[in-house]
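Data first, discussion second: the structure below is written as structure tokens.
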Amino acid sequence: MSQKYDVIVIGGGPGGYVAAIKSAQLGFKTACIEKYKGKDGKMALGGTCLNVGCIPSKALLDSSWKFHEATESFAVHGISTGDVKIDVPAMIGRKDGIVKNLTGGIGLLFKGNGVTSIEGHGKLLANKRVEVTKDDGSVEVYEADNVIIASGSQPINIPPAPVDQKVIVDSTGALDFQEAPKRLGVIGAGVIGLELGSVWARLGSKVTVIEALDKFLPAVDEQVAKEAQKVLTKQGLEIRLGARVTGSTVKGNEVTVAFTDAEGEKQETFDKVIVAVGRRPETKNLLAEDSEVKLDERGFIYVNEFCATSVPGVYAIGDVVRGPMLAHKASEEGVMVAERIAGHKAQMNYDLIPGVIYTHPEIAGVGKTEQQLKGEGVAINVGVFPFAASGRAMAANDTTGFVKIIADAATDRVLGAHVIGPSAAELVQQCAIAMEFGTSAEDLGLMVFSHPTLSEAVHEAALAVNGEAIHIPNRKKR
Ligand code: FAD
Ligand code: AMP
């Protein structure tokens, strides 16, 4: 007889493992199926985020930033370092250690919460049965009252630049270079392309980013995107917009990429190319035909606002469903679904999911952008405070960028907060908390902020919304 669970989760990424832990905490007999194998050949929980995404990329961003600081900006503090060297394999090894630690930690959390971990490839059959195929080909079928699909996503491949993980790599391959390539091409100026491009540029690569769209970071607030393009270009990233890759030829250890832009056809030769043109939902061999779970027109699993699929008792969360492909979005959907299975009235505020690009300076935002609000015909007031006027940013020698707060002109309610600058991710999170409670710009302006902090820039930008900033001339008069 097959084993029965209250909840079976397919996929152990930040969506799936959080859904499984929460389900177990709510008293359900829970199992989580995962097939991914880490570098040691053993099953590893944590999904893209912990294994080949958020965490390893941030580990390399932090290491490479320290190298950049040591070589470029220690002198300004009066520190001389002599000849600073980077040991790339050691940097990669540190990253691998962090990954191993964290993925192992999820196993411990599963044990602590009573989640059963099942190794193998999961496939949803009819009537909420789940088939698991192990490496040796053996198959087991489990039954569940509820199934949560959290199979995540995979990098998109484009025919003109087929990934061989040697010369042409995807985001996973780009986390494992053993030396900084002299000439690095990055196809796609999205979040992942810019973050990984930054890592290797800081370590000495000459980086060229080839982006098909004419506009840089179209989803980001335009004023922020403009500043970001300026700053990243100054850091040495050559950003070619309106340039579509049409082909590539690998010869030995280098690759010549062909692309077309406004001037016609061009070619450029690189030692490595990273393909970072987005990710696709992972639904391969996941749903039996009679499972009756429907996909939407873009190939994501169709779900409603509560992550319920077209089949009662079957849910889907994270990258495999609509919405931003972000770890925190996946996790919160996991919590919401577990709560709803328990009969609680949980819901998620999809309007306030912060997004961050971990370049330096960081680029972060929550809520709506100025161009979005103008497009919707909403009358707004905008307050901007530059880090150049922040004592804390000056002390840290990190004054690039600004905080921008956008409020409804009629109600003063904050509708968007956008930051490019030091600790932008953390500053935007403060705004997100306040916005969740319906803050007005005036409310933020009335709060007491510690001095000296980068957070004071949020305070001043909120004051500037209504022409009341103290530490900069107000563009808007009261
Ligand atoms: P995943 O993390 O992809 O997990 C899905 C899991 O399901 C995988 O482990 C997979 O092996 C398993 N699986 C799939 N199908 C099956 C099956 N049939 N049977 C068994 N197991 C299966 N997001 C952020 O929020 N912040 C960041 O800084 C950030 N940085 C990123 C950097 C990079 C380089 C990349 C690639 C992504 C980054 N992301 C970031 C995105 C983030 O990693 C994803 O949004 C997040 O991992 C999605 O979580 P998930 O649980 O939906 O899917
Ligand atoms: P994101 O989806 O944020 O990871 O960004 C991926 C980026 O890659 C998008 O901005 C796409 O416009 C870009 N892109 C997709 N295909 C190509 C291509 N053939 N050449 C250049 N850029 C591309």
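The values are calculated or read from the model by the stated rules, or taken from the named source; none is laboratory data. Because the structure is a prediction, the values reported are computed rather than measured. Counting neighbours? That spans all protein chains shown, and the Cβs are built from the backbone with ideal geometry, glycine included. Side chains are part of the model used for accessible areas, which takes the heavy atoms of the whole protein and leaves out ligands, DNA and RNA. Shrake-Rupley method; radii C 1.70, N 1.55, O 1.52, S 1.80 Å.
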Fill in the blank from the handout: Checked the stretch 168-277 with the C-alpha gyration tensor, a ≥ b ≥ c its square-rooted eigenvalues, rounded below a/c of 1.5, otherwise prolate if a/b is larger than b/c and oblate if not; verdict oblate
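Tell me, in nm to one decimal, what length is gained between Glu292 and Phe306 on full extension, where the rule is 0.36 nm per residue of separation less the Cα-Cα distance?
Values: separation 14, 0.36 × 14 = 5.04 nm, distance 1.82 nm.
The span from Glu292 to Phe306 would gain 3.2 nm if fully extended.
If R0 is 41 Å, what FRET efficiency do you get for Lys4 and Asp164 from their C-beta distance, rounded to 0.05?
On the way: r = 44 Å, r/R0 = 1.08.
Approximately 0.40, to the nearest 0.05.
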Practice task
Just order 364-373, 125-134 by mean Cβ neighbour count inside 10 Å, highest at the front, would you?
Solution key: 364-373, 125-134
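When the accessible area of the chain is split by element with a 1.4 Å probe, what percent falls to carbon and sulfur? Don't skip to the answer; put the middle values down first.
Numbers: 11480 of 22180 Å².
After summing per-atom areas, the C and S share lands at 52 percent.
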Exercise for the section: With a 1.4 Å probe and every protein chain left in place, tell me how much accessible area Arg413 has, in Å² to the nearest 10. Expected result: 120 Å²
Practice task
Multiply the residue gap between Asp135 and Val448 by 0.36 nm, knock off their C-alpha separation, and tell me the result in nm, one decimal place.
Solution key: 106.9 nm
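Quickly estimate the mean residue ellipticity at 222 nm for the chain, helices only: each DSSP H run with n ≥ 4 gives -39500 (n - 2.57), and the total goes over all residues, rounded to 500. Each step should come with its number before you reach the end.
Working: 12 runs with 139 residues, N = 478.
The helix-only estimate for the chain comes to -9000 deg cm²/dmol at 222 nm.
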Practice task
For the stretch 410-478 and the stretch 191-235, write down the distance between their C-alpha centroids in whole Å.
Solution key: 26 Å
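Where does each of 26-35, 194-203, 289-298 land if you order them by average Cβ count within 10 Å, highest first?
194-203, 26-35, 289-298
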Practice task
Check cross-link reach from Lys404 to the lysines: straight Cα distance under 29 Å, and skip same-chain residues fewer than eight apart.
Solution key: Lys58, Lys66, Lys215, Lys226, Lys230, Lys234, Lys329, Lys368, Lys374, Lys476, Lys477
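How many Å² of accessible area per residue for the stretch 236-359, probe 1.4 Å?
Numbers: 6150 Å² over 124 residues.
About 50 Å² of surface per residue is accessible.
Can you say what percent of the DSSP beta bridges in the chain, counting only those with both residues inside, are antiparallel? Round to 5.
On the way: 53 of 85 bridges.
Close to 60 percent.
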Exercise for the section: Could you list the trypsin sites (Lys or Arg not before Pro) in the stretch 71-118 that lie in coil according to DSSP, counting only those with at most 15 other Cβ atoms within 10 Å of their Cβ? Expected result: Lys85
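Taking R0 as 25 Å, what's the FRET efficiency between Trp65 and Arg183 from their Cβ-Cβ distance, rounded to 0.05?
Values: r = 22 Å, r/R0 = 0.87.
Using R0 = 25 Å, I get an efficiency of 0.70.
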Handout entry: the stretch 310-347 and the stretch 257-305: distance between their alpha carbon centers, rounded to Å
Key = 22 Å
Fill in the blank from the handout: Mean Cβ-within-10 Å packing, highest first, puts peptides 416-423, 138-145, 51-58 in the order 416-423, 51-58, 138-145
Handout entry: Cα gyration tensor, the chain - rounded (a/c under 1.5), prolate or oblate
Key = oblate
Fill in the blank from the handout: Counting sequence-distant residues (5 or more places) and residues on other chains, those with an amide H built under 5 Å from that of Ile149 are Ile10, Tyr315, Ala316, Ile317
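Kirkwood hydrodynamic radius, computed over distinct alpha-carbon pairs, for the stretch 352-465: how many Å, to one decimal? Working shown, then result.
On the way: mean 1/r = 0.0732 Å⁻¹.
Answer for the stretch 352-465: a Kirkwood hydrodynamic radius of 13.7 Å.
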Completion exercise
For Lys272, the lysines lying under 18 Å Cα to Cα, once residues fewer than eight places off in the same chain are dropped, come out as Lys166, Lys182, Lys206, Lys251
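Work out the FRET efficiency for Ala388 and Lys39 from their Cβ-Cβ distance, taking R0 = 51 Å, and round it to the nearest 0.05.
Details: r = 44 Å, r/R0 = 0.86.
Calculated transfer efficiency: 0.70.
Please work out the ratio of the alpha-carbon Rg of the stretch 1-107 to 2.2 N^0.38 Å and round it to two decimals. Walk me through the intermediate numbers first.
Numbers: Rg = 19.7 Å, N = 107, 2.2 N^0.38 = 13.0 Å.
Taking N as the residue count of the stretch 1-107, the ratio is 1.52.
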Handout entry: For the stretch 103-232, alpha-carbon Rg and Dmax in angstrom
Key = 20.9, 56
